[in-house]
Amino acid sequence: MNRFYYKGTNEKLIRCLAIAERILNGALFYSKIESVESFSGTSVSSSKIASDLKSFRETVTVEGYWNIFGLANAKTGSSELIKINTAKLRRSEGSIVNTIIHEYVHAVDYKDGILDYTHSDNINRGEENKTAPWLIGKIAEDMM
Ligand SMILES: [Zn+2]
């Protein structure tokens, strides 16, 4: 199934979306999520989060935006659209895939309009490493 729809032309982003897609369509990713004992900042279980991600059937549109001065690598405000800051793609493919999966967790979490497993702000100084978006992004990066 197609998890992402991107009509832009950024080749690095296209490659990273394909990698993210492959990870999301394999079984290993979900067993890794299920094996996390608990995520910070939420009472939702690891198996519920894995199942939400696995069973999500909407194709999420991905758009690039350009903000050289912004701190964020991306922003996601709905379950239909992920915006990736294309001014911040001069980093490893693993790091970009991490961002894509992180945003995908938000998109899936947004499907009922309420965020049930998220983090507190856009700057992770280490304290948010065990929240679902950050840790699941890292799981994907580590699978590359
Ligand atoms: Zn986030």
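Look at the range 110-137 and say how many of its residues are closer than 22 Å to Leu13 by Cβ, out of contact with any helix residue (DSSP H, G or I) (no Cβ under 7 Å at 6 or more places or on another chain) and crowded, with 18+ Cβ neighbours inside 10 Å. So the count comes out to 1. Exactly one residue out of Glu103, Glu80 is under 16 Å from Leu13 (Cβ atoms), surrounded by 12 or more Cβ atoms within 10 Å (Cβ to Cβ) and of a type in the set (Asp, Glu): that is Glu103. Out of the residues in the range 53-76 that are out of contact with any strand residue (DSSP E or B) (no Cβ under 9 Å at 6 or more places or on another chain) and away from the ligand (no atom under 16 Å from the Cβ), state the one that is modelled with the lowest pLDDT. So the residue we want is Phe69.
In the set Thr42, Thr59, only one residue is touching a Phe, Trp or Tyr at 6+ places or on another chain (Cβ under 9 Å) and farther than 28 Å from Arg91 by Cα; that residue is Thr42. For the range 14-52, a residue qualifies if it is in a loop (DSSP other than H, G, I, E, B) and either small (Gly, Ala, Ser) or within 16 Å of Arg3 (Cβ to Cβ) (or both), and the qualifying residues are Asn25, Gly26, Ala27, Ser35, Ser38, Gly41, Ser43, Ser45. Among the residues of the range 1-51, the one identified as more than 22 Å from Ser78 (Cα to Cα), in contact (Cβ under 8 Å) with a residue 12 or more places away in the chain and among the acidic types (Asp, Glu) is Glu34. When each of Ile68, Ile100, Ile114, Ile84 is tested for being closer than 20 Å to Ala140 by Cα and outside any helix (DSSP H, G or I), the lone residue that passes is Ile84. Inspection of the range 32-47 finds a residue satisfying the criterion of being of a type outside the set (S, T, N, Q) and within 14 Å of the ligand (Cβ to nearest atom). So in the range 116-142, with the set limited to residues that are among the hydrophobic types (A, V, I, L, M, F, W, C) and within 14 Å of the chain's Cα centre (by Cα), which one is nearest to Ser92 (Cα to Cα)? Once the filter is applied, the top-ranked residue is Ala140. With respect to the conditions (1) aliphatic (A, V, I, L, M); (2) over 17 Å from Leu53 (Cα atoms); (3) surrounded by 19 or more Cβ atoms within 10 Å (Cβ to Cβ), Ala72 falls short on a single one, namely (3).
Residues that are of a type in the set (D, E, K, R), under 17 Å from Val60 (Cα atoms) and touching a residue at least 12 places away in the same chain (Cβ under 8 Å) were ranked within the range 88-142; the one that is farthest from the ligand (Cβ to nearest atom) is Lys111.
The values are calculated or read from the model by the stated rules, or taken from the named source; none is laboratory data. Every value quoted in this text rests on a predicted model; they were computed, and no experiment measured them. Note: ideal-geometry Cβ built from the backbone for every residue, glycine included; neighbour counts use all protein chains shown.
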